[in-house]
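J.: Here it is, the structure in full.
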Amino acid sequence: MSEEHYLELCESPVQFEHASSVNNVFFDEANKQVFAVRSGGATGVVVKGPDDKNSIAFRMDDKGEVKCIKFSIGNKILAVQRTSKSVDFINFIPDYPHTEFSQECKMKNASVLGFCWTNWNEIVFITDQGIELYQVFPDKRSVKLIKSQSLSVNWYQYCPETAVLLLSTSGQGNVLQPFVFRNGTLSKMTKFEIELPVVPKPAKLSLSERDIAMATIYGQLYVMYLKHHSRTANSPSAEVVLYHLPREGLCKKSHVLKLNTTGKFALNIVDNLVVVHHQSTQTSLIYDIHLREPDCALNTHQPVLPARSIHPYRIPLTGPVVVPSQPPVPCQLYSSSWSVFQPDIIISASEGYLWYLQVKLPPTVNLQQDKGKLMDFLLRRRDCKMVILSVCSQILEGGERGSLPVVATVFDKLNQVYKEYLEAEQMYTLAMESGPSRNSAAQKRPVRTQAVIDQSDMYTHVLSSFTERKGVCHKFIIAVLMEYIRSLNQSQITVQHYLYELVIKTLVQHNRFYMLHQFLQYHVLSDSKPLACLLLSLESTYPPAHQLSLDMLKRLSTANDEIVEVLLSKQQVLGALRFIRSVDIDVLRQGWATFMIKRATFFIITIGGPHDCTLQLNVVMTTCRPGSSWTRRSRPVTRCCSTPSSGPSSRGTSGSEETPPSTLENTVRNTWSTSSSCLESNP
Amino acid sequence: MLIVSPRMAAVTQEKQYTPSLLSFFVYNPSFGPREGEEEKKILFYHPSEVEKNEKIRNVGLCEAIVQFTRTFCPTKPAKSLHTQKNRQFFFEAEDSYWIVMIVKNPMVEKPNKDGKPPTIEYQEEEVLDTVYGAVLRQCYSMYKLFNGTFGRAMEAGGVELLIPKLEKFFYRYLQTLHLQSCDLLDVFGGISFFPLDKMTYLKIQSFVNRVEENLRLVKYTAFLYNDQLIWSGLEQDDMRILYKYLTTSLFPRHSEPELAGRDSALRPEVSGNLLHYGRFLTGPANLKDPDAKFRFPRIFVHTEDGSEELHLIVYKAMSAAVCFMISASVELTREFCERLDALVGPQLTLLASDICEQFTLNRRISGPDKEPQFKFIYFNHMNLAEKSTIHMRKTASVSLTSVHPDLMKILGDINCDFARVDEDEEVIVKAMTDYWVVGKKSDQRELYVILNQKNANLIEVNEEVKRLCATQFNNIFFLD
């Protein structure tokens, strides 16, 4: 096993001055900013994040210990909480007065648990007796109460992405009341109760803030509850219970993630995966709530992959003095000083680092043997394209070659995603064409994710190199190509002609012409002009290819010119003429027919041609001239004969003179009149 | 032996005799070049009860005719000899190995008054060279399919091996020759392909590939449905003769028990496996039988360097039949057959019902009533595809046609005509009995249509044929 760590900390962490007795560190989840407040702000506040580039440094008066400090959205106003009664504001808008102003909570005897900015100038205070939503007027240095709600609050959590505030109420703390903020309004959502593993006898606060987290997974908001193992209840190990919190409607328990162990855990969400860190074993598990597990009860999930630790991380020593000889120090992972924030943030306050957790996909390939499951997993990840393509190559080549059913499953899964994208795209195009004005807002252009692996991706990265590989049995190559074509067809995706060309090339290379013939016979290789031309080129090695090609051109019905060219190149002038006659020559197309007949004539004149060719031309001229009759020599020959029912067949050619065959003469005569001069000039 | 199916003519007590086999022999002139050793030339002679000297005389005559005609055209010696009573067909199957078939001309026996012996009228023109020449070549191909070439047997064991081989094969095979019902289809020796949509076809491909991957021993696979070919891993020429064997000999022999229904005693014991309907048509009838023999017929097919010998396993579930061909050097065991049964049985059952469903669906869409009931024969030389609405379902004993033999004869004549020239041609014949027969040749394709329209004129017939081409052959390049 080469590389097994499928989780890693980002390369360039946000660095800040580590926490100490003189330096307090705060993290704002909304703006993802780290505040390093030295001596209450008197000796400086440094704000960093989220990408470490734009840091803000300023000073403020030391008016007591800072409890909480956050910028409003867009770094317009800074809010600082120093007491349990009030919050202070400082303008950060240029040209506005910078003097601090303050706001006390409205409710009597309430103490402020914290605050959250919900907009650039809207802030909500959370007190132990309720919540208060304020609007801040930085120019007037005043604050106005918009709305308040009173209820007893144990603790709160805020999800900035969805602007949902979750309050823990009731004695045990397990009744959760969510609120949502939208455009300066505050709306109450349906409250719900978390099932506790044991109900404490004298009711006491038993749902801790640490065991609850909110995050969006696959676009939906979930409340994650870390349900610890309890000796009294029959739960052998801890689990994470996910409550789906829809915008409207009831909050429902939706998923259970089995942790299969006990101890201290922390949760992250990375790339829609739930990552559970286990401190005592120093490993992490990942769960994909969209991965169906047939062997489990509904919505109970086992880890996707075996537990592995985060990839070892070395802290580069980049202090003020860079000492190149000094090697980077290994960082202690899963340290107890780590704080974990949603969705993917890990902060080590003691070392002064903020990392983003990342999923590395290549190592997962070797950890999941079931390629079908692996594909399901990979297709939902963000940077999956190259990994998926490498898995495809892996199952086709080398020692870990998959069997055909495995290959088929993988192709089917890829094409399912591909098809869904194509359909969405088509819907969008249709909607745009029908009327962009009506519901253009609802119709968004579908985003092409990396999981959409189209035919050209497969061709360039997987199939073309696979077919050229030495030592692979051609049977297998053809089987794989056919399997891919089958899968595309099953998903009703139009197969691109270069895939067919690959099939043909492979078959020709191994002299499997009869196979090729059968595929074409059943139209498995769909008709196209390029394919027909390719077939024409095969004629010298496989004569029936000529017929196959002509059939294909005929079916295309847009390639009449090509058919005439092919026939002429075979010196089948009459065949060409008959063909021109057979395709519907309406008035518009008469010019074309004339042209093609001229072309045929020109062809014979210029090449001079073998003897029988000039003979044919004479035949053409005689048959097409008005009033001329058909003779036995001039093919196509329509002979009419009567045979007695017994005795030797004595067939005469009687009747041919008085019965001009069908409409040929008329048609050709019509078109001929314009071009006759050309013919006549030729002796 | 003579009276095969006397047909009563309308007029008097006329008796009609159809063409029948008089004799059939295989010889090699180089085996008895000296006088007195002529008998050694003869490798097989039917009927065997013919006196030795007569055999020698007949063989000698054939040899002489071939030698004599060779002086006129060294590359193309005589193929047939017409006499009043018989017609002889010569075929040099392998270098100096000749096969000769002598067919009695059909005749009419007219009773005379006054107790005089009846007058016999031989209808020597009724026999077509192309048809019986093709039958003769087919005899050899069939021998070669199951025994390999004559030369191969000679190398392996000399005349002592070749003669019994020939006897064993032709004794049985000649009994199945039904010369009276040979016609144009024997000339073509075509393959009927099962019409199928792309998706189902790809599913079958997938099935074949998976089985071949799973059972590595399987070298070639062929897939048939309703006695029509869907996929052949064999090359065209081998498939042609194997197809002939399957559809005229093997399948008809096994069709009766299936038609008999589930509860019939005729139906072979379903081996306790209710999961699928798969069973072996060659090899063991019942896998559960402890005495079951795991012997399969062996066939010879062409390879790039000569030929190879293969076991032929034919496995069938409902209307779908699959041929698995495995190198004869491998011993086939009970375990292998059980594995094959377990793997292929359920999949094939499913596939067969899929195809059936798709087929009925397609038929409903196209509408059986919509397409006019034309009687036609179509053949494509390039892929050997053949389609006939004239012939009924073939049985082991006889192939039934729905038209008068005279019309079939006209078709044969037109075909001979077409064979003579390379170019496209069209022939329209008005037969005496209100029938019109149209033959068309375009590139490598031939189409023969029989129309029964009273008082139709040539233009109408031509239009009618055009209509047929437009409905039935609109997806191929078939010139009007």
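The values are calculated or read from the model by the stated rules, or taken from the named source; none is laboratory data. Predicted, not measured: the structure shown is a model, and the values here were computed from it. So basically every Cβ, Gly included, is an ideal-geometry build from the backbone, and we count neighbours across all protein chains shown. Each accessible area value is taken on the protein alone, full model and side chains, heavy atoms only, with ligands, DNA and RNA left out. Shrake-Rupley method; radii C 1.70, N 1.55, O 1.52, S 1.80 Å.
J.: Before rounding to the nearest 500, sum -39500 (n - 2.57) across all DSSP H runs of length at least 4 in chain B and divide by the residue total; then give [θ] at 222 nm in deg cm²/dmol.
T.: Working: 10 runs with 169 residues, N = 480.
Result for chain B: -12000 deg cm²/dmol, rounded to the nearest 500.
J.: Less than 12 Å Cβ to Cβ from A:S309, Lys/Arg counted +1 and Asp/Glu -1: what total charge do the surrounding residues give?
T.: Around A:S309, the charge tally is -1.
J.: Run the numbers on the stretch B:1-135 and let me know its relative contact order in percent, using alpha-carbon pairs under 8 Å that are six or more apart.
T.: 26
J.: Just to be sure I follow: if Rg is taken over the C-alpha atoms of chain B and Rh is the Kirkwood radius over the same atoms, what is Rg/Rh?
T.: Ratio of gyration radius to Kirkwood radius for chain B: 0.98.
J.: Moving on to the next point. Long-range amide H contacts for A:V112: which residues qualify at under 5 Å (H placed 1.01 Å from N, peptide plane, sequence gap of 5 or more or a different chain)?
T.: A:K85
J.: Return the long-range amide H neighbours of A:L7 (sequence gap of 5 or more, or a different chain), with a cut-off of under 5 Å between placed amide H atoms.
T.: The answer is A:H311, A:K360.
J.: Also, quick follow-up: Order B:T360, B:T221 by their accessible area, 1.4 angstrom probe, all chains in place, largest first.
T.: B:T360, B:T221
J.: Other chains near B:381-388: what is the mean number of their Cβ atoms within 10 Å of each residue's Cβ? Numbers along the way, then the final one.
T.: Working: counts 2, 10, 8, 1, 1, 0, 0, 0.
Averaged over the peptide's residues, the number is 3.
J.: How do A:T467, B:T176 rank by accessible surface area computed with a 1.4 Å probe, from largest to smallest?
T.: Values: A:T467 15, B:T176 75 Å².
Result, largest first: B:T176, A:T467.
J.: Same structure again: With every protein chain left in place, what is the accessible area per residue of the stretch B:198-366 in square angstrom, probe 1.4 Å?
T.: On a per-residue basis, 46 Å².
J.: Taking H as built 1.01 Å from N, whose amide H comes closer than 5 Å to the amide H of B:F477, not counting residues under 5 places away?
T.: A:D551
J.: Relative contact order of chain B: what whole-number percent is it, with Cα pairs under 8 angstrom and at least 6 residues apart?
T.: Relative contact order comes out at 11 percent.
J.: Then there's this: Given an 8 Å cut-off on Cα distances and at least 6 residues of separation, report the relative contact order of the stretch B:198-366 as a percent.
T.: Result for the stretch B:198-366 is 24 percent.
J.: Rounded to the nearest percent, how much of the accessible area of the stretch A:361-495 (1.4 Å probe, protein heavy atoms only) is carbon and sulfur?
T.: Roughly 51 percent of what the probe reaches on the stretch A:361-495 is carbon or sulfur.
J.: Something else now. Using the Karplus curve 6.51 cos²θ - 1.76 cosθ + 1.60 with θ = phi - 60°, what ³J(HN,Hα) values do you get for each residue of the stretch B:77-89, in whole Hz, with x for Gly and Pro?
T.: x, 4, 9, 8, 10, 9, 10, 5, 8, 10, 9, 10, 10
J.: Apply 1/(1 + (r/R0)^6) to the Cβ-Cβ distance of B:I120 and A:H523, taking R0 = 60 Å, and write down the FRET efficiency to the nearest 0.05.
T.: With R0 = 60 Å, the Cβ-Cβ based efficiency is 0.60.
J.: Based on the alpha carbons, how large is the Rg to Rh ratio for the stretch B:198-366 when Rh follows Kirkwood? Before the final figure, lay out each step's value.
T.: Values: Rg = 15.8 Å, Rh = 16.6 Å.
Ratio of gyration radius to Kirkwood radius: 0.95.
J.: If you average the C-alpha positions of the stretch B:295-326 and of the stretch A:504-557 separately, how far apart do those two centres end up, in angstrom?
T.: 27
J.: How crowded by other chains is A:276-287, given as the mean number of beta carbons from other chains within 10 Å of each beta carbon? Provide the component values of the computation, followed by the final result.
T.: Values: counts 0, 0, 0, 0, 0, 0, 0, 0, 0, 0, 0, 0.
Mean partner-chain Cβ count within 10 Å for A:276-287: 0.
J.: Next up: In units of 2.2 N^0.38 Å, what is the alpha-carbon radius of gyration of the stretch A:538-580?
T.: Compactness ratio reported: 1.11.
J.: For the B and A pair, go ahead and give the buried accessible area with a 1.4 Å probe, both sides summed, in Å² to 100.
T.: Roughly 5200 Å².
J.: OK, next. Hey, what's the stretch B:374-472 come to in accessible area per residue, 1.4 Å probe, Å²?
T.: Each residue of the stretch B:374-472 exposes 41 Å² on average to a 1.4 Å probe.
J.: Then there is this: So what are the ³J(HN,Hα) numbers for the stretch A:359-375, from phi and the Karplus equation (6.51, -1.76, 1.60; θ = phi - 60°), rounded to whole Hz, Gly and Pro as x?
T.: 9, 9, 7, x, x, 5, 4, 8, 8, 10, 7, 6, 5, x, 5, 4, 5
J.: When you look at the Cβ of every residue in A:515-528, what mean number of other chain Cβ atoms sits within 10 Å? Don't skip to the end; give the middle numbers.
T.: Working: counts 5, 0, 5, 11, 4, 1, 6, 13, 5, 5, 1, 1, 1, 0.
So the per-residue partner count for this stretch is 4.
J.: Bin by bin, in steps of 10 Å, what percent of the Cα pairs in the stretch A:361-495 do you find, going until the bin that has the longest distance?
T.: Histogramming the stretch A:361-495 at 10 Å steps yields 11, 40, 30, 13, 6, 1 percent.
J.: For A:S72, A:S152, give the ranking by accessible area with the largest first, probe 1.4 Å. Write out the running numbers ahead of the final one.
T.: Values: A:S72 0, A:S152 70 Å².
Correct descending sequence by accessible area is A:S152, A:S72.
J.: To the nearest 0.05, what FRET efficiency results for A:K63 and A:K108 with a Förster distance of 25 Å applied to their C-beta separation? All intermediate terms of the calculation are to be shown ahead of the outcome.
T.: Working: r = 23 Å, r/R0 = 0.93.
Computed FRET efficiency for A:K63 and A:K108: 0.60.
J.: Another question about this same structure. Which value, in Å², gives the accessible area per residue of the stretch B:12-182 when a 1.4 Å probe is used on the protein heavy atoms?
T.: On a per-residue basis, the stretch B:12-182 sits at 53 Å².
J.: Which parts of the stretch A:444-478, residue by residue, lose 10 Å² or more of accessible area when the rest of the protein chains are there, as against the chain isolated (1.4 Å probe)?
T.: A:K475
J.: I need the peptides B:16-28, B:102-114 ranked by packing, meaning the mean over residues of other C-beta atoms within 10 angstrom, with the highest value on top.
T.: Top to bottom by mean Cβ count within 10 Å: B:16-28, B:102-114.
J.: Could you work out the local net charge near B:G345, counting Lys and Arg as +1, Asp and Glu as -1, over the other residues with Cβ closer than 12 Å to its Cβ?
T.: Neighbour charge sum, excluding B:G345 itself: +1.
J.: Turning to a different aspect of this structure: Are there residues in the stretch A:480-513 whose accessible area shrinks by at least 10 Å² when all protein chains are included rather than the chain by itself, and which are they (probe 1.4 Å, ligands and nucleic acids not counted)?
T.: Those residues are A:M482, A:E483, A:R486, A:N489, A:Q490, A:N511, A:R512.
J.: Would you tally the net charge around A:A559, using a Cβ to Cβ cut-off of less than 14 Å, leaving A:A559 out, and scoring K and R as +1, D and E as -1? Spell out each step's value before the answer.
T.: Working: positive: A:K529, A:K554, A:R555; negative: A:D527, A:D551, A:D561, A:E562, A:E565.
It works out to a net charge of -2.
J.: Which ³J(HN,Hα) values, rounded to whole Hz and listed in residue order, are derived for the stretch A:339-353 from phi using the Karplus coefficients 6.51, -1.76 and 1.60 in 6.51 cos²θ - 1.76 cosθ + 1.60 with θ = phi - 60°, glycine and proline given as x?
T.: Values per residue, Gly and Pro as x: 10, 10, 10, 7, x, 9, 10, 10, 10, 10, 5, 5, 9, x, 10 Hz.
J.: Roughly how many percent of the accessible protein surface of the stretch B:93-148 is carbon and sulfur, given a 1.4 Å probe and a whole-percent answer?
T.: So the carbon and sulfur contribution to the accessible surface is 47 percent.
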